[in-house]
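Have a look at the structure below before the remarks.
What follows is calculated from the coordinates using simple rules that are stated; it is not laboratory data. What you see is a predicted model, and the numbers here were worked out from it, not measured in a lab. Neighbour counts run over all protein chains shown; Cβ positions are idealised from the backbone, glycine included.
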Amino acid sequence: MSRLHDLNFFVKLGTAFALMIVAWLAPDWRWGIPFAALVLALLWVTRVPKLGGYLKGAGLLTLMVIVSWMINLLLQGIAPLDALAIAAKMAARLVATTALFYFVMETSTPGAILAACSAARLPAVATLVLSLLFGIIPMLRDEFERIADAQRARGMEIDDVSFLKKLRFALARGVPLLVQAIRTAHAISFSLTLYGFDLSRKRTTWRDVGLMVEPRMTWKDPIR
Amino acid sequence: MLLAADKLTLGFGTSEPLLRDATLALAPGGRLLVCGATGSGKTTLMMTLAGVIPQITPIARYEGRVALNGEDVATLLRDALFSRVGYVAQSAEDQLWDLSVEDIIAFPLENRATPRDEVRARVRYLMEDLELTELAGRRVLTLSGGERRMVVLAAALASRPELLVLDEPTTGLDPAARERLCRALEQAAEHVSGVVIAEQDPAHLAPVTQSLALIAEGTLSAVTPLAPALDDAALWTRAGLLPPRKPSGLRPAVTPGRELLRVRGLQTRLARASGKPVLDGLDLTLRAGEVLGVIGRNGAGKTTLMKSVLGLMPVAAGEIALDGQAAQGWTTARRARHIAYVPQSMRQILFHMTAAEEVAFARSMGEGHEDTETVLARYGLGGQGETNPFALSARQQGQLGLACAEASGAAIAIVDEPLLARDLAGRALLETFLGRMTSQGRAVMLISHDLELVDDVATRLALVGEGHIPYDGPVGEGWQSRAFAALGWPAPYGTARESAA
């Protein structure tokens, strides 16, 4: 875990927006691809969790973007090399954008987001929306992996099989994932009510929040 | 009265209400234990006493009144109510989401705009008091069931409630954690005026409760003193519960058969903060006909052992053999054809649309041949074949787990903390499962913190601690071993049971 992960959520979010704008202003693929590669390298250097999974998804995204843009541009009569250059530029933009927000999402726990929002004295509704928006995807992704482990533990061979079988088994995870998503939503709603979350009241936080957000409580100077 | 329930009738829309005309009163300083079998209505009653029903979870039939210091909990403003009532649900997961330990404990205070220094001081106090400091910074969803429960308890105590309502708080706790829970409840007496606890086993919480009410057949008994009731075996049996001080029985005697599982020098990649592997040089065998009771502190490595054997966790060194064949290189799925896994929460491993499909799938993965309906009926699920597994109660899902494990024909079953064994009907189902497995030359690894259960049904005891197995041998001798003494836990059934062994 890099110290960068403890950066204040809003600093990360603001930086991600700024870099995303740079990616979208890149004039062509000669600038766009190196910039996207630089962003990916940043993710690797800062040891963002589960980067392998993201790279697989990004690879698929790149392929889909290039293919769809190529078809579109070729149908409009643009020369293949020119079409490829445009498609590569678009793919680079998307990779850079998704990578930047993947960094924000993976390195910001819902607790750290709650703390940053509370310290900024944001309205409770904004606090809640931001925490859930950036927190729920990793939660569901972890759940998806846990269900895969459960399938393996019941004898379902999901690793050493054809792509189609893998896909079928992945779809079988949909039912428990849906159930779990509903349970998670219920647990969040239940705990918000039980623990006094009120949209009309601004929260406080136990964390020390500045440029960095205190990740855990330490016992160097115990009270008792 | 601090808490008064008057003629409560509660139901979920079926013709018969779950609970009829329940009446109880709790004076300030009162500590009440409510016991009943699974499905008797304890959870519904606890939710109602806490005001969760009807404030958060409305139900079809709610008659009568619950008053907190004379005020109707159904009409109090939610925030005012839940700042005066601390509640720990039966399933701690129902009130947790992906926050850190400190976040969860601080959550009620932060939401009520308590100043930061005060929040920090309170969180520190509770984490030290409940010995949770080792968990600082951990995300609660990565904790064990017992650890999660202690965190939720800390959150319930955070806002210094007048009334604390705990629904089966000892579930998943090892004996040391149960003692910490009792200590915390004693210390909470300074701030918490009344405590109501629902449990199936009264023995663990007897030191911190004074009175008892039993639920059976939709009726709540009158409140009576707890101490004399503990020796009244008939009282508990009538309520469908295992008597807390039941006499010792004979331990099952077996002659173990061939070796089904052999683990040698197992070392995990997963390491503790000190860098020491969670399991380091662990040896274990399991033979046909055995029920191996596996015990150890919360976090000792029992789950890691199970996951390593199943192939769900990477192993740094060591050998694992299943049925005499080296299995280190096998995929999890291949190992699972030899090992059926029944987790504490079956929701984790269900993924079909009907109970019958779950059993059929289990059978197709192994060597089972019995028809689905027969297996389901054996475990109390006759006629439920077409029910969606997620629509079953947690208890029924546990029964389905046993049915699937048996149907799979797997030589070994790993049963992790079988909660259904805490009442008479559930214990009978578990004993049916164990009897059938062992009589067919199969074996069971039973992981549990319920030492009485282990004492009753295990044929051998293995204690996990310090990364290996410091004791592996006969059950009776295990309770008197140096390794068990080092845990500082009371032996099950006390000394009387030991001499019977």
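Loop-resident trypsin sites (Lys or Arg not before Pro) (DSSP state other than H, G, I, E or B) in the range B:263-293 with no more than 15 further Cβ atoms inside 10 Å of their Cβ: B:Arg269, B:Arg272.
Based on the alpha-carbon gyration tensor of chain A and its eigenvalue square roots a ≥ b ≥ c, which shape applies: rounded if a/c is under 1.5, prolate if not and a/b is larger than b/c, or oblate? Judged from the Cα gyration tensor, chain A comes out oblate (a/c at least 1.5, b/c at or above a/b). Mean separation of Cα pairs under 8 Å and 6 or more residues apart, divided by the residue count, gives the range A:112-210 a relative contact order of 51 percent. FRET efficiency for the B:Ala222 to B:Arg160 pair, using the beta carbon distance and R₀ = 35 Å, is estimated at 0.70. In this structure, the amide hydrogen of B:Arg287, modeled 1.01 Å from its nitrogen in the peptide plane, lies closer than 5 angstrom to those of B:Leu260, counting only residues at least 5 positions away or on a different chain.
Only Cα pairs under 8 Å and at least 6 apart count here; give the relative contact order of the range B:1-65 as a rounded whole percent.
The value is 44 percent.
Database remark: amide H of B:Met445 closer than 5 angstrom to the amide H of B:Leu292, B:Ala413, B:Ile414, B:Val415 (H placed geometrically; neighbours at sequence offset of 5 or more, or on other chains; Pro and chain starts carry no H). Both numbers refer to the Cα atoms of the range A:3-108; Rg and Dmax are 14.9, 50 Å. Just so you know, the Rg over Rh for the range A:68-187 is 1.13, from Cα atoms, with Rh as the Kirkwood radius.
Can you sort B:Thr432, B:Thr48, B:Thr374, B:Thr171 by how many other beta carbons sit within 10 Å, fewest first? Display every interim value, and only then the final one.
Numbers: B:Thr432 15, B:Thr48 26, B:Thr374 12, B:Thr171 21.
The fewest-first ordering by Cβ neighbours comes to B:Thr374, B:Thr432, B:Thr171, B:Thr48.
Give me the angle, in degrees from 0 to 90, between the Cα long axis of helix B:424-439 and the longest principal axis of the Cα atoms of chain B, rounded to the nearest 10. For B:424-439 against chain B, the angle is about 10 degrees. The calculated pair-distance distribution of the range A:1-53 uses every alpha carbon pair, bins of 10 angstrom beginning at 0, and gives 22, 47, 28, 3 percent.
Divide by every residue of the protein assembly as shown the summed helix terms, -39500 (n - 2.57) for each DSSP H run of at least 4, and state the resulting mean residue ellipticity at 222 nm, rounded to the nearest 500 deg cm²/dmol.
Computed ellipticity for the protein assembly as shown at 222 nm equals -14000 deg cm²/dmol.
The trypsin sites (Lys or Arg not before Pro) of the range A:99-201 that DSSP puts in a loop, and whose beta carbon has at most 16 other beta carbons within 10 Å, are A:Arg121, A:Arg201. Of all DSSP bridge pairs formed entirely within chain B, close to 50 percent run antiparallel.
Scaling the Cα radius of gyration of the protein assembly as shown by the globular reference 2.2 N^0.38 Å produces a ratio of 1.02. Taking N as the residue count of chain B, its C-alpha radius of gyration divided by 2.2 N^0.38 Å amounts to 0.98. Backbone geometry of the range A:44-50 corresponds, through the Karplus equation with coefficients 6.51, -1.76 and 1.60 at θ = phi - 60°, to 3J(HN,Hα) couplings of 5, 5, 8, 6, 5, x, 6 Hz, x marking Gly and Pro. Take the Cα of A:Phe144, step 7 Å toward its Cβ, do the same at A:Leu167, and the gap between the two points is 1.5 nm.
Entry note, the range B:411-501: relative contact order of 21 percent, from Cα contacts under 8 Å with a spacing of 6+ residues. Exposure proxy shown here: for B:Asp416, B:Asp423, B:Asp323, the number of other Cβ atoms within 10 Å sets the order, fewest to most, as B:Asp323, B:Asp416, B:Asp423.
Lysine pairs in the protein assembly as shown whose alpha-carbon atoms fall under 19 angstrom of each other, counting only those eight or more residues apart or on distinct chains, come to 6. Find the percent of Cα-Cα distances in the range B:3-238 that exceed 30 Å, and round it to a whole number. Percent of Cα pairs beyond 30 Å in the range B:3-238: 22.
Derived scalar couplings between HN and Hα for the range B:303-317 equal 5, 5, 4, 4, 5, 5, 5, 6, x, 8, 9, x, 10, 7, 7 Hz in order, rounded to whole Hz, by the Karplus curve 6.51 cos²θ - 1.76 cosθ + 1.60 (θ = phi - 60°), x for Gly and Pro.
Counting beta carbons within 10 Å around each of A:Glu106, B:Glu290, B:Glu386, B:Glu134 and listing the fewest first gives the order B:Glu386, B:Glu134, A:Glu106, B:Glu290.
Multiplying the residue separation of A:Leu4 and A:Leu178 by 0.36 nm and subtracting their alpha-carbon distance yields 59.3 nm.
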